[in-house]
Each structure stands twice: as C-alpha cells, then as structure tokens.
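Read-outs throughout are calculated quantities, based only on the coordinates presented, and are distinct from any laboratory measurement. Here the structure is a predicted model, which is why all the values come from computation and not from measurement. Neighbour counts are summed over all protein chains in view; Cβ atoms, including those assigned to glycine, are modelled from backbone coordinates with ideal geometry.
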Amino acid sequence: MHAKFCFYEEGNVWKQADETGDDQVRAAVVAMVERCPSGALTLRIDGEADDFEGDTRPTVAVIDDGPLWVIGAIPITLADGSELEPRNRVTLCRCGQSAAKPLCDGAHSKAGFRDAAG
C-alpha cells in the first residue's frame, strides 16, 4: 500500500479513472494498476464478470524498506488457521506496525522502517 505506483507526472489513477475513454489516459491508468503491488487497484474490462489480473507466476519479493510482495495467488494461512482470500497481488507487513496485519497498510513509512542492510 502507498507504493506510489498509482501516481505519475501528469496525474493519478483516481482522478483519471473517468477519463479512460482517451487512449493515452487509459494506457497510463492500466500501467499504474498493473504495477500496484498490494492488489488494491484492479482492472475490469467492460462486459467481463471478473477483474483482469494478467498472468502471474507465484513469487515472493521484498520491497526495499517496505512489505513483502506476494504475487500469483499464493495461499496465505493466518496464525488462527483461517486463510486470506487468494489474490494475484498482496503486500504483507514486515515492520509490525500495520493496523491491518498481516496486510501492509503503509505504516512502515510513518514508523521509519528501514531494511537492516540499508
């Protein structure tokens, strides 16, 4: 969350969502949504019932000074045995400060979380 992939020099995904009839705006919005690590932003093609997430390979990556980025609908089981809804993209808290644990809510920025190696 708050990875700043939803912004670019000319605008942001929220302000431009209603302008996607313009090919350039649509391409920029699609690029922002596809790079959203948390999966908070999704695409749905007109006439389709499900969100478009593209093809993903199961992967876990570390975002510098931020959360774990889990890609490819990897099952996530919580300590109480329940499971998160399988998603193609999700970010998991590494700093311990998120109010939405195990999900990242961007609290690492305010907490000043930094990687040990950084």
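Assorted remarks:
So that you can scan it fast, the table gives a plain yes or no per residue for (1) closer than 26 Å to N12 by Cβ; (2) touching a Ser or Thr at 6+ places or on another chain (Cβ under 9 Å):
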| residue | (1), (2) |
| --- | --- |
| P37 | yes, yes |
| V62 | yes, no |
| L78 | no, no |
| R94 | yes, no |
| D105 | yes, yes |
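- The stretch 30-56: number of residues that are more than 13 Å from the chain's Cα centre (by Cα) and among the β-branched types (V, I, T): 3
- Hey, A27 assigned to a loop (DSSP other than H, G, I, E, B) and of a type in the set (A, V, I, L, M, F, W, C) or not: no
- In the stretch 30-71, the residues that are among the β-branched types (V, I, T), closer than 26 Å to R114 by Cα, without any contact (Cβ under 8 Å) to a residue 24 or more places away in the chain and surrounded by fewer than 14 Cβ atoms within 10 Å (Cβ to Cβ): T59, V60
- Condition check for T59: over 15 Å from the mean Cα position of the chain (by Cα) and among the polar types (S, T, N, Q): no
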